[in-house]
Amino acid sequence: VAATDNTRTSLARTPIRRAFLDHVFYTQAKLPGLANQNDLFQALAHTVRDRMVQRWISTGEKHLSTPARTVAYLSAEFLLGPHLGNNLLNLGIQDEVREAMRELGLDLDMLLAQEAEPGLGNGGLGRLAACFMDSLATLEIPAIGYGIRYEYGIFQQSIIDGMQVENTDTWLRNGNPWEIQRSDWAVEVKLGGHTEHYTDDRGHYRVRWVPGKSVMGVPFDSPILGYRVNTVNTLRLWRAEATEAFDFDVFNRGDYLGAVNRKVTSENLTKVLYPNDETYQGKALRLEQQYFFVACSLQDMLRILELHQMPVTCFHEQFAVQLNDTHPAIGIAELMRLLVDEHLVPWDTAWHVTRHAFAYTNHTLLPEALECWPLELFETILPRHLEIIYEINTRFLEEVRIRDYGHGDRAARLSLIDESGPRAVRMAHLACVGSHTINGVADLHAKLMREDVLRDFNAIWPEKFESITNGVTPRRWLALSNPRLARLMTDAIGDGWVTDLEQTRALEIHADDAGFRERWHAAHQANKADLAVLIRQQTGVVVDPASMFDVMVKRIHEYKRQHLAVLHIIALYHRIKSDPHAEIVPRTFLFAGKAAPGYHYAKLMIRFITSVADVINRDPQVRDRLKVAFLPNFNVGFGQRIYPAGDLSEQISLAGKEASGTGNMKFAMNGALNIGTLDGANIELRDAIGAEQFFAFGLTAAEVAALRADGYRPAAYYARNPELRAVIDLVQQGFFSKGDPTLFEPIAGNLLQHDPYLLLADFDSYVAAQAQTSAAFLDQAAWQRMSIPSVARSGYFSSDRAIREYCARIWHVKPVPVPLLR
Ligand code: 26Y
């Protein structure tokens, strides 16, 4: 059935080399001598893609012929990172390809560096979707990822004069060798207009949606290959295009330029990823994006259902639809519309199907991240969906009233419509009502979700709530990114850990072996030396690989408290200035992360970091004991170089604010120790790895609540702690802003007067925990004795474990092994 041409399928070195040269010639149309670096990358990517296609088609055939439930993971973000290295790893041809390229005088690392990264996400939520896609394929679960093919992904960050500058991310500029456009499966999506209610000629009450405009959704498919299995799942991303039929009239009326303009407008829909995370803005285009990709995806699922010759009322038997936060929650109303309006399914049947299909993952408790669409805006774009939401709401609140007689205001609190201010649609409530399961992403987060934002839903449906702690894929985040450590591990315990991370437990006994510790240390030092070169290239800062690499990489946010780390750095600096001979363990503080372009405070936090770095790095009295660098444009590819080189990882959000965190897991897996608050998955990480290997500090979530209830007075901490006072005074005097006391006053003054994230309350205990990390780092043998168990006990934080839990507790799906078609 499938192609069996050896040059396109063989995994051996010589056919790979031949196939590569073939692609330089026939795909890039270049003589090898004239091929540029991008030609060479494209040729290699196509060589690898060919080897995946046979498995991809085999997977499609198997899934079509096997009645098995498929996971549809709906996410507005997929933060995949570069494909090539990961595909080589999962295919098991890293060595063959490296050698084949070497025979041609080419360096594989140079080719890998050519790939533009698909940065179609902001941070943790988008990266989680990518880790989950990897685990689903590796576990041989039938799954489709549905999302948006943004023409511009997350912006490129550069630092100019210490400040963030944004540039567009033109990731598609050189073409994308991994995607296949499937125009034959394009669908139409309606938007705007109005509805008409009428009785059809058979006496049925019906609703017609007369749209104001429509756009086409064209799917672009990328293969997601599992590790050393034949399963290749599909990531299907939708691009908006103009509908030709719709503009036909305009063309005929002669308004050619007007028609072209409308075409441009339609295509704006999938132009750019919104760069906000955790801060919601009621932007019409974003609602259109959300509805667009969800409507495309549901039509696509109905098409697949028809291929299986199943009726629409069996939708929930074929698909487990997961909502990655509320961004795709409109899908609940859309499936109801498709079933009721277009397929004439009775409301109650349609509601049964919908509630058995959808499940919802909540990723945040921050009120500013909760999506609430103003009613007028919602009605303008989705008039029929608003009616459907009203109907869902009426029936839901009626059910609540019957079950909950006497609790007058609970109904108002549960309502899908917020009527406390300007009326708005509460997307989290829609997601809860239309889903069979609602899950949090770490135990503390799931608990706070039940007690706080979704308290009333927990009161009526406690059985709907689940907690599934996040995980990260050990393929990309260990096997691929840290080959030195991976080799050492495999030499010691075999390679089973790559798909069963619990096996790393066997490393623990090696912590007592001085020779092993020495090799462990050497691998880590080599990673640090590599990173030092990169830091020098990118920032000009020269760092010592022997110093402690103290790393904080994540989106810049007040709640994540990068500025708390800066206060600690200033405290150390102040100690040196007060006593030039003070005992200071040499440290390199590394920061990286993007601030939302409109989030002024976060941008000021970046400027705060770079300004403090400027002063400290140039002060001769510091004698290189402290170095601070802000590394520009943090992304997945860069993460692959940073996580393996960290000694200490900063996870210092205010307790109760970070839903889970996943960087903490990546660092732990690579042998770094975490310093962190008892927040999100930090708590479980500390329990798993052992309190001795986790430097915990700060208020607990309960203590935060109690302190707030008592009335929090940050100035009292300033008055009480002389070191804190000295630190804040330096900032307020303009010491880090060339004598300008106003520049960082929004930080210092705000901390003294409001301090909404309780930095001053946690400062003392943070500095004390940092002193422990310094003491521990002085004894390198003891540090290795902590680093090895950190990896050995990180097995729980594999996304394979997380996905197994989703399969068993939410999706009720099973693996479908795929035989290779020949
Ligand atoms: C509404 C819109 C502006 C919005 C866009 C992106 C809201 C939120 C987001 C992204 C949220 C996010 O990334 N949340 C993170 O999810 C991770 C995976 O579950 C968690 O580990 C992390 O704690 C959480 O902040």
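Any read-out appearing in this document is the output of simple, stated calculations on the displayed coordinates, not a laboratory observation. Owing to the predicted nature of the structure, the values given are computational and were not obtained by experimental measurement. Heads up, the Cβs are rebuilt from the backbone with ideal geometry, glycines too, and the neighbour counts pull from every protein chain shown.
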Practice task
May I ask you to derive the FRET efficiency for Asp687 and Glu244 from their Cβ-Cβ distance with R0 = 41 Å, giving the value to the nearest 0.05?
Solution key: 0.10
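Average projected area of the Cα convex hull of segment 479-797, in nm²? Walk me through the intermediate numbers first.
Values: hull surface 62.8 nm².
Mean projected area for segment 479-797: 15.7 nm², to one decimal.
For the chain, take the convex hull of the Cα atoms, compute a quarter of its surface area, and give me that in nm², please. Numbers along the way, then the final one.
On the way: hull surface 151.7 nm².
Computed as one quarter of the Cα hull surface, the answer is 37.9 nm².
For a footprinting-style exposure proxy, rank Trp783, Trp185 by other Cβ within 10 Å, fewest first. Could you put the intermediate results ahead of the total?
Working: Trp783 21, Trp185 16.
Least crowded to most crowded, the residues run Trp185, Trp783.
Are there any trypsin sites (Lys or Arg not before Pro) in segment 364-427 that are in a DSSP loop and have at most 15 other Cβ atoms within 10 Å? List them by number.
Details: sites: Arg384, Arg395, Arg401, Arg403, Arg410, Arg413, Arg423, Arg426; in loops: Arg423.
Answer by residue number: Arg423.
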Fill in the blank from the handout: For segment 541-666, one quarter of the surface area of the C-alpha convex hull, expressed in nm², comes to 8.0 nm²
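Show me the trypsin sites (Lys or Arg not before Pro) within segment 662-746 that DSSP assigns to loop and that have at most 12 other Cβ atoms within 10 Å of their Cβ.
On the way: sites: Lys666, Arg686, Arg708, Arg720, Arg725, Lys738; in loops: Lys738.
Those that pass, being in a loop and sparsely packed, are Lys738.
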Handout entry: Which of Leu298, Ile180, Ala486, positive extreme of dipole for the chain (C-beta unit charges)
Key = Ala486
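Pairs of Cα atoms under 8 Å, at least six residues apart: use those to get the relative contact order of the chain, whole percent. Can you show the working numbers first?
Numbers: 1526 pairs, mean separation 115.2, N = 822.
Contact order relative to length: 14 percent.
Let me spell out the model: positive unit charges on the Cβ of Lys and Arg, negative unit charges on the Cβ of Asp and Glu, origin at the Cα centre of the chain. What dipole size does that give, in debye rounded to 20? Before the final figure, lay out the partial values.
Numbers: 84 positive and 98 negative charges, 193 e Å.
It works out to roughly 920 debye.
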Handout entry: Distance violations [Cα-Cα > 26 Å] among Lys283/Lys603; Lys30/Lys271; Lys554/Lys577
Key = Lys30/Lys271; Lys554/Lys577
Practice task
Provide the percentage of antiparallel DSSP beta bridges, counting only those with both residues in the chain; round to the nearest 5.
Solution key: 45 percent
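Fewest first, what order do His581, His316, His204 take by the number of other Cβ atoms within 10 Å?
Values: His581 6, His316 18, His204 9.
Result, fewest neighbours first: His581, His204, His316.
Cut-off is 10 Å between beta-carbons; in what order do Ile332, Ile141 appear when sorted fewest neighbours first?
Working: Ile332 29, Ile141 25.
Least to most surrounded, the residues fall as Ile141, Ile332.
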Problem - Neighbour cut-off at most 15 other Cβ (10 Å), DSSP loop, chymotrypsin sites (Phe, Trp or Tyr not before Pro), segment 385-487 - result: Tyr405
Completion exercise
Under Stokes-Einstein, segment 584-642 at 25 °C and 0.890 mPa s, with its Kirkwood radius over C-alpha pairs, diffuses with a coefficient in µm²/s of 193 µm²/s
